[in-house]
């Protein structure tokens with residue numbers, strides 16, 4: 001019901017009690033519209049008047065209702081307290097300030113509020129009317145001196161409001177410290193109320209309001225009203241503080257799980273950026289990864305988990321770990337995504353009655369897995385519902401890799417197609433999540449076109465870090481509605497003189513020839529120190545390949561920071577490392593290879609398998 005002051009013939013106060021929509025005719029004593037569609041009733045209301053007391057009560061009601069409607073809508077601490085001071089000034093006070101414990105700003109709980117100085121307060125928000133001067137007060141952003149320990153301020157430290165109807169009292173209490181006088185008392189003010197921000201057993205800070213000589217002094221009702229409004233604000237501030245803490249934890253976890261922003265490998269140099277969503281949405285499940293693979297190859301991974309917060313981050317961590325584990329098996333990109341899809345499906349169905357939020361978050365996730373081989377310059381990639389990478393050739397215009405999109409993770413039973421492309425050396429690959437190219441205002445096709453234009457306008461000579469920063473500035477709004485991950489990779493091609501390849505006939509007598517060509521190549525590369533171990537490795541692996549797999553047998557040496565030796569055969573049977581017994585005639589060759597090489601392993605190929613070894617050459621390239 002809305003009350004509007006008016007005067008009746010008898011001089012009694014009349015108020016607008018209600019407005020009714022009527023279809024019938026009404027008596028002449030009412031104010032009705034000509035068409036009979038509405039009626040205004042003016043009625044005397046007992047206990048009301050048009051005095052200033054009524055105006056004050058209305059202002060208090062309006063303030064209380066406005067506080068209930070607006071305070072707490074934001075999950076930002078600063079926005080919450082700024083909303084409060086904007087409500088208080090000028091209707092309730094001529095000046096209002098909010099001082100918070102510094103720990104609250106980063107999401108932590110404050111220490112016990114006391115005069116010892118353990119709690120450092122910082123001015124976070126302020127608002128004033130022209131009636132008072134705040135020139136002498138500490139500005140927003142500055143730290144306050146410790147709260148003085150005296151009888152006047154002690155109730156404040158205990159969580160109770162303090163009403164100061166005469167500023168002279170405050171001058172007396174603070175006269176021992178001129179700094180406090182300058183910091184706390186504005187010129188032209190004559191009364192004040194200070195109320196602690198108290199929520200869930202914590203004193204988060206303090207709200208202080210002042211009135212000038214042009215306004216009536218604060219009374220007990222004013223202090224009670226302010227205490228009610230501040231208590232509501234305190235809950236909003238504490239909710240924002242708790243959200244800040246969770247956001248920081250999720251962001252710290254997210255960043256700890258991402259690889260270093262810059263990685264320099266024989267196959268490529270990379271740089272990555274991650275940007276959480278703004279507007280209170282927070283950290284999500286976007287991630288990227290750079291995984292070194294055997295034979296100097298490298299895997300690029302980018303993915304997006306549904307949702308935001310710690311659950312999405314935990315789900316991202318699960319998927320990232322799974323991809324790294326599957327990558328260690330050196331699987332084809334399509335086969336790797338098939339295994340990852342099975343894993344996601346299993347997580348969502350294994351415990352249907354007790355599925356955690358992080359397990360549900362992996363459903364519908366997207367992922368792109370690509371492998372680049374610097375010896376051939378070929379990129380093989382497969383995607384599970386993820387946007388394709390952009391390719392900026394060293395000479396030419398950028399384009400997007402043509403790929404079949406593939407199903408989202410967790411669908412099950414659908415194939416993941418593999419796309420292949422030969423990449424010129426010095427090309428830049430851009431792997432990204434949909435938050436970079438899609439928003440409420442732009443569809444994904446428009447966003448991808450903008451990304452292509454941005455890459456085309458990239459100035460020569462820019463580092464990958466500089467390029468990624470420019471892409472973020474050009475494509476992202478100030479507060480993106482989704483988190484964004486961007487991974488840039490500049491490819492390298494291994495020179496042909498660092499690769500030696502032979503084909504060995506399936507004849508055990510040809511093993512000696514394999515040893516000879518390898519020793520000759522090591523001599524040409526000035527790697528004679530590795531001759532003994534390499535000769536033994538080649539002899540064992542080629543002999544096993546001819547004996548158990550037939551031929552022909554492929555033999556390849558690759559020189560970079562490490563010496564890679566590969567032996568390929570047409571068999572799909574994987575070797576097994578075991579310790580031979582004293583009575584066994586064989587079975588010691590692979591064990592010996594594993595002991596002599598720094599690393600070894602095997603992978604399936606389209607025509608069989610490849611067994612590889614790596615030996616460190618000290619990183620010295622001639």
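Quick rundown of the values:
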item	result
Test: residue in the stretch 499-506 that is part of a helix (DSSP H, G or I), closer than 27 Å to residue 299 by Cα and modelled with pLDDT of 95 or more	no
Residues within the stretch 143-157 that are surrounded by 15 or more Cβ atoms within 10 Å (Cβ to Cβ) and either touching a helix residue (DSSP H, G or I) at 6+ places or on another chain (Cβ under 8 Å) or more than 19 Å from residue 198 (Cα to Cα) (or both), tallied	6
Selection status of residue 409, surrounded by 14 or more Cβ atoms within 10 Å (Cβ to Cβ), in the same structural domain as residue 306 (by TED's automatic domain parsing) and either modelled with pLDDT under 95 or under 27 Å from residue 276 (Cβ atoms) (or both)	yes
The stretch 186-222: number of residues that are touching a strand residue (DSSP E or B) at 6+ places or on another chain (Cβ under 9 Å) and surrounded by fewer than 19 Cβ atoms within 10 Å (Cβ to Cβ)	8
Lone unmet requirement of (1) at pLDDT 95 or above; (2) out of contact with any strand residue (DSSP E or B) (no Cβ under 6 Å at 6 or more places or on another chain); (3) surrounded by 14 or more Cβ atoms within 10 Å (Cβ to Cβ) for residue 558	(2)
Residue match in the stretch 235-256 (condition: closer than 30 Å to residue 387 by Cβ and crowded, with 22+ Cβ neighbours inside 10 Å)	yes
The listed residue being farther than 24 Å from residue 382 by Cβ and over 28 Å from the mean Cα position of the chain (by Cα), out of 439, 394	394
Criterion: within 20 Å of residue 185 (Cα to Cα) and either assigned to a helix (DSSP H, G or I) or assigned by TED's automatic domain parsing to the domain that holds residue 309 (or both) - qualifying residue of 217, 223	223
Selection status of residue 278, under 12 Å from the mean Cα position of the chain (by Cα) and more than 25 Å from residue 334 (Cα to Cα)	yes
Members of the stretch 422-454 that are surrounded by 13 or more Cβ atoms within 10 Å (Cβ to Cβ) and over 24 Å from residue 479 (Cβ atoms)	423, 424, 425, 426, 427, 428, 429, 452
Residues that are more than 24 Å from residue 268 (Cβ to Cβ) and part of a loop (DSSP other than H, G, I, E, B), drawn from the stretch 437-459	438, 439, 440, 441, 442, 443
From the options 375, 353, 338, residue that is farther than 30 Å from residue 497 by Cβ, crowded, with 16+ Cβ neighbours inside 10 Å and either in the same structural domain as residue 304 (by TED's automatic domain parsing) or modelled with pLDDT of 95 or more (or both)	338
Members of the stretch 251-301 found to be part of a loop (DSSP other than H, G, I, E, B), at pLDDT below 90 and out of contact with any strand residue (DSSP E or B) (no Cβ under 7 Å at 6 or more places or on another chain), listed by number	260, 278, 279, 280
Subset of the stretch 562-606 [crowded, with 16+ Cβ neighbours inside 10 Å, modelled with pLDDT of 90 or more and part of a loop (DSSP other than H, G, I, E, B)]	570, 597
Evaluation of residue 506 against (1) farther than 27 Å from residue 563 by Cα; (2) touching a strand residue (DSSP E or B) at 6+ places or on another chain (Cβ under 9 Å); (3) surrounded by fewer than 16 Cβ atoms within 10 Å (Cβ to Cβ) (one fails), failing number	(1)
Residue under evaluation residue 471, criteria (1) outside any loop (DSSP other than H, G, I, E, B); (2) in contact (Cβ under 8 Å) with a residue 24 or more places away in the chain; (3) touching a helix residue (DSSP H, G or I) at 6+ places or on another chain (Cβ under 9 Å); (4) surrounded by fewer than 19 Cβ atoms within 10 Å (Cβ to Cβ), criterion not met	(4)
Residue in the stretch 99-107 that is in a loop (DSSP other than H, G, I, E, B), in the same structural domain as residue 204 (by TED's automatic domain parsing), touching a strand residue (DSSP E or B) at 6+ places or on another chain (Cβ under 9 Å) and surrounded by 15 or more Cβ atoms within 10 Å (Cβ to Cβ) present	no
Breaking point among (1) at pLDDT below 90; (2) over 21 Å from residue 234 (Cβ atoms), for residue 94	(1)
Failed condition for residue 484, given (1) modelled with pLDDT under 95; (2) out of contact with any helix residue (DSSP H, G or I) (no Cβ under 6 Å at 6 or more places or on another chain)	(2)
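A quick yes/no check of all residues on (1) closer than 24 Å to residue 225 by Cα; (2) modelled with pLDDT of 75 or more; (3) assigned by TED's automatic domain parsing to the domain that holds residue 225:
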| residue | (1), (2), (3) |
| --- | --- |
| 130 | yes, yes, yes |
| 137 | no, yes, yes |
| 159 | yes, yes, yes |
| 162 | yes, yes, yes |
| 178 | no, no, yes |
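The values are calculated or read from the model by the stated rules, or taken from the named source; none is laboratory data. Given the structure is predicted, the values throughout are model-derived calculations rather than measurements. Methodologically, a virtual Cβ is constructed for each residue, glycine included, from the backbone with ideal geometry; neighbour enumeration extends over all protein chains shown.
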